[in-house]
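What follows draws every value from the coordinates through simple rules; no lab data is involved. Bear in mind the structure is a predicted one, so any value in this text is a computation, not a measurement. FYI the Cβ positions are ideal-geometry reconstructions off the backbone, even for glycines, and counts take in every protein chain you see.
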Amino acid sequence: MARALLEVDNVSKIYSVGFIRKRYIEAVRSISFIIPDKGAFIGLVGESGSGKTTIARMILGLINPSSGEIRYKGRNIFRLSKEEWIEYRKNVQPVFQDPYNAYNPFYRIDRVLRIPIRTFRLASSKEDAEKLIEEAMMAVGLRPEDILGRYPHQLSGGERQRIMLARLHIIKPRLIVADEPLSMVDVSLKARFLNELLKFKKAYGTSCLYITHDLSEAYYISDTLMVLCRGRIVERGPTDSIINNPAHPYTRMLLNSIPIPDPERRWRERIIPKVITGPSRHARGCVFYDNCRFRKERCLKEEPYLVEIEHNHEVACYLYT
Ligand SMILES: Nc1ncnc2c1ncn2[C@@H]1O[C@H](COP(=O)(O)OP(=O)(O)OP(=O)(O)O)[C@@H](O)[C@H]1O
Ligand SMILES: [Mg+2]
């Protein structure tokens, strides 16, 4: 097996909200997975509120897990030394939904490409830096002489997104964390973006955690899929295997909720109610209990864990044990 780049080990996240009457939201519950260091493209799918962004933010070190550990090359990312943290930030890079918000409107776009070169010391001279920038822009189909010197608002959305990809060509991270990068992008640009992202796998062996609502995107880009339901991974495995043979009642419901002939398969809207009340919450049973057609008494009492049902295809459901 390929060496683990990132290990998410039994990670949970509980948010507390409200001042006088404090309430707790369990966004992510005991999640474990591994991202290998050799061009693994992993899709993380689940409906709105299932905890996808929470997982991304923990991996990026923006929020702490409530329990569990995230390790990069075997080291807890929240205990890295200053130098290790800089290396981590270089090697684990986010891709934003709308890069416009990530760019400072008062600076020319060049700065977006120069800052990482300086921060991560990627060039030994000014000439080197210019060459790096030019090569990166060409790699994503931007002409440096057209684009450099402009301000963010003077670029189209597609150009801004390609600048972001050029930035990644400069940094050459080991892992890209893409949280719904295409939800604001025109359909015509989607395939192009996904192909650009796939180039990183081929060129540098970069891995990617690709988060999306959109099954067609996940199907296109990922080798492996993880299905998230209310903060739990309920199914995971090779993408083909899951799409062609979904096992968990939740995964089946997600697939069925999408009109098949529609190439823009989406489940943006909530399919199951957000607020979880009732005994299932306290009994620590299956997260899908309240909505499951196949539920048994056992599902309420103890939570099913992931078991392999075919090669590398795992599902957490008592229908299979
Ligand atoms: N800072 C926060 N404080 C309190 N609750 C939060 C916070 N961030 C997220 N949540 C809650 O945690 C749960 C998971 O949120 P998260 O943003 O991870 O979901 P998501 O899968 O990314 O959803 P979407 O597809 O809509 O982006 C939700 O119930 C959300 O309301
Ligand atoms: Mg999100």
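Please get the size of the charge dipole for the chain, origin at its Cα centre, with Cβ charges of +1 on Lys and Arg and -1 on Asp and Glu, quoted in debye to the nearest 20.
980 debye
Starting from the Cα of His153, step 7 Å along the direction of its Cβ; do the same at Lys22; then give the gap between the two resulting points in nm.
4.4 nm
Sequence-distant or interchain residues sharing an amide H contact under 5 Å with Cys317, placed H: which?
Residues meeting the criterion, in which the H sits 1.01 Å from N, are Val307.
For the range 104-117, in order, what is each residue's ³J(HN,Hα) by Karplus, 6.51 cos²θ - 1.76 cosθ + 1.60 with θ = phi - 60°, in whole Hz (x at glycine and Pro)?
Using θ = phi - 60°, the values come out as 6, x, 8, 10, 5, 4, 3, 4, 4, 8, 7, 4, x, 4 Hz.
Would you mind working out the magnitude of the charge dipole of the range 43-160 relative to its Cα centre, with +1 at each Lys and Arg C-beta and -1 at each Asp and Glu C-beta, to the nearest 20 Debye?
Magnitude of the dipole: close to 480 debye.
Using the Cβ atoms and a cut-off under 14 Å, what net charge is assigned to the surroundings of Ser16, where Lys and Arg are +1 and Asp and Glu are -1?
+3
Between the range 171-213 and the range 1-71, what is the C-alpha centre distance in whole Å?
20 Å
Helix-only estimate, please: 222 nm mean residue ellipticity of the chain, summing -39500 (n - 2.57) across DSSP H runs of length 4 or more and dividing by its residues, to the nearest 500.
Helix contribution divided over all residues of the chain: -10000 deg cm²/dmol.
Restricting to the chain, compute how many DSSP beta bridges are antiparallel as a %, nearest 5.
60 percent
Once the dipole of the range 4-320 is set up with Lys and Arg at +1 and Asp and Glu at -1 on Cβ about the Cα centre, which of Ala123, Phe193, Ile59 lies farthest towards its positive end?
Of the options given, the answer is Ile59.
FRET efficiency for Glu145 and Lys202, Cβ-Cβ distance as r, R0 = 30 Å, nearest 0.05?
That gives a FRET efficiency of 0.65.
In whole Hz, with x marking every Gly and Pro, tabulate ³J(HN,Hα) for the range 150-158 from phi via Karplus 6.51 cos²θ - 1.76 cosθ + 1.60, θ = phi - 60°.
So the Karplus estimates, Gly and Pro as x, are 8, 8, x, 6, 8, 10, 6, x, x Hz.
Distance from a point 7 Å along Cα→Cβ of Ser48 to each backbone N in the range 218-249: keep the residues under 18 Å and list them by number.
Under 18 Å, as judged by backbone N against the label point of Ser48, lie 228-231 of the range 218-249.
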